[in-house]
Each structure stands twice: as structure tokens, then as C-alpha cells.
Amino acid sequence: MMSETRTPPRFDAAFRARFADLLRWRRDVRRFRSEAIDPLLIDELLRLASLAPSVGLSQPWRFVLVESPERRRAIRDNFALANEAALGGYAGERQARYARLKLEGLSQAPVHLAVCADEATGQGHGLGRQTMPETIRYSVVAAIQTLWLAARAEGLGVGWISILDPKAACATLDLPPGWSFVAYLCLGWPEEEHDDPELERHGWEQRSCDAALTPLKR
């Protein structure tokens, strides 16, 4: 069935400038206020995230709201172990800098959201992923980025916790067969807002755009 033809929107210079601001002010947030988020707003963010592009229109993203105190505690313990191991991988001043970084907001964020890929989904009939099956997970990452921008537009902060043992996280969350763990996100109202990355502010690394601005030519 053909969809109704609609007039495409025209995005003017003012919109494009605001969109550039949205990209500049999107941050990986670790410092949250503890006040609740309206569940209807979370529902709307997930609807917007599902407008992301996906290989073969497979829409393989699966969202898990982690509300159980026991499961949240297990994720915090998972982070603590993984973070201790990561700290041991550095030495000297770099190790000292790592130890000073705040790398999660698990205790403060009111919403914990795991994002998974349904590797066994039949939607899309395998189009585009028979040669590159990893595009299923790339599609999920596109949905995460869409969610991140939509949340920022509402004034919400998102933090991506990557310092986790994924196998232990899967066991904690009791994921369905065929689902793979991609990300663990914290959502909440940020305590502070900045247009530069926290890791840059605290001397861990400097942002570089050279690679993006100078494409390799063939």
C-alpha cells in the first residue's frame, strides 16, 4: 500500500543553526539530578529513536527499562569490577587521571535503559546484512544517537556506560535468546551543562576534528 504523498519540510538557516547547537551541546552526562522523568516523555523519546535508519528496515533495537533495585545494584557492581580492572591497565600520571574521572551516574540517574540488538529478527528479511551482519548492531547505535539528540532537545542528559562486562550484564538483565547487549544508558536531568566534553575539561583527551575534515581520497 502506497503512503500518502506529503510536502517535505524546508529547514531554514535558523533551524540549521539550532541543529548545530544541538550537536555541540550533546554531552555524555555523568552528573544527574535525582528527580523523576515523566514516563510519557520516555515513551516519546523511544518513539523518536525508532525513526533511526536501520539496515533493510529491520529496526532491530530493543529497549529494556531497568527498574529492579536488585538488577541496578548488580549493574553498579559490574561497573565497579570493570572499572577497577581498567584502572589497572594504566600507570603513572595517566592512571592518576583515570582515578579522578567520574565515569558513571548509575546511583543518581532516575532512568536506566539497556539497549539491545535482536540478532534473530525476521524483519527486513536479511536485506543488506547477509554480507555484513554487524550492520544489525550499527542500526542499534543509530537509534541510540537519535535517542541522545532527542533527549538533549528536551533538556535531558544521557550517559553511556561502556565500562561493563557485557556477558555479566546480559545475565543480570536476563535477556531473551537472540538479543545481544549493545549499551547501558543513564537518563536524567543534568546537574550542569557544558558545550565541551567532560574528558576534555579534565585533561584526559582533546577533541580533534582533523580526521573528519580531511577525508581520505581515492
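The values are calculated or read from the model by the stated rules, or taken from the named source; none is laboratory data. Since we're looking at a predicted model, the values are computed, not measured. Cβ atoms come from the backbone with ideal geometry, glycine included; neighbour counts cover every protein chain shown.
Residue check, residue 10 against (1) in a loop (DSSP other than H, G, I, E, B); (2) charged (D, E, K, R); (3) within 21 Å of residue 179 (Cα to Cα), all met but one. Which one?
Only one criterion is unmet by residue 10, namely (3).
From the list 143, 171, 183, 153, which one is within 20 Å of residue 53 (Cα to Cα), surrounded by fewer than 16 Cβ atoms within 10 Å (Cβ to Cβ), small (Gly, Ala, Ser) and at pLDDT 95 or above?
Exactly one of 143, 171, 183, 153 is within 20 Å of residue 53 (Cα to Cα), surrounded by fewer than 16 Cβ atoms within 10 Å (Cβ to Cβ), small (Gly, Ala, Ser) and at pLDDT 95 or above, namely 153.
Any idea which residue in region 101-153 is nearest to residue 201 (Cα to Cα), counting only those that are acidic (Asp, Glu) and within 17 Å of the chain's Cα centre (by Cα)?
The residue in question is 104.
Looking at the structure I just gave you, is residue 217 free of Cβ contacts under 8 Å to residues at least 60 places away in the same chain, outside any loop (DSSP other than H, G, I, E, B) and more than 15 Å from the chain's Cα centre (by Cα)?
no
Within the set of pairs 6+ apart or on separate chains, which have a first residue in region 30-46 that is more than 16 Å from residue 190 (Cα to Cα), a second that is aliphatic (A, V, I, L, M) and buried (at least 17 other Cβ atoms within 10 Å of the Cβ), and C-beta atoms under 6 Å apart?
45/147; 45/150; 45/151
So that you can scan it fast, the table gives a plain yes or no per residue for (1) within 17 Å of the chain's Cα centre (by Cα); (2) under 27 Å from residue 137 (Cβ atoms):
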position: 16; (1), (2): no, no
position: 26; (1), (2): yes, yes
position: 29; (1), (2): yes, yes
position: 45; (1), (2): yes, yes
position: 50; (1), (2): yes, yes
position: 54; (1), (2): yes, yes
position: 57; (1), (2): no, yes
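Going through 51, 81, 101, 57 one at a time, which residue ends up being touching a residue at least 60 places away in the same chain (Cβ under 8 Å), out of contact with any strand residue (DSSP E or B) (no Cβ under 6 Å at 6 or more places or on another chain) and closer than 19 Å to residue 148 by Cα?
51
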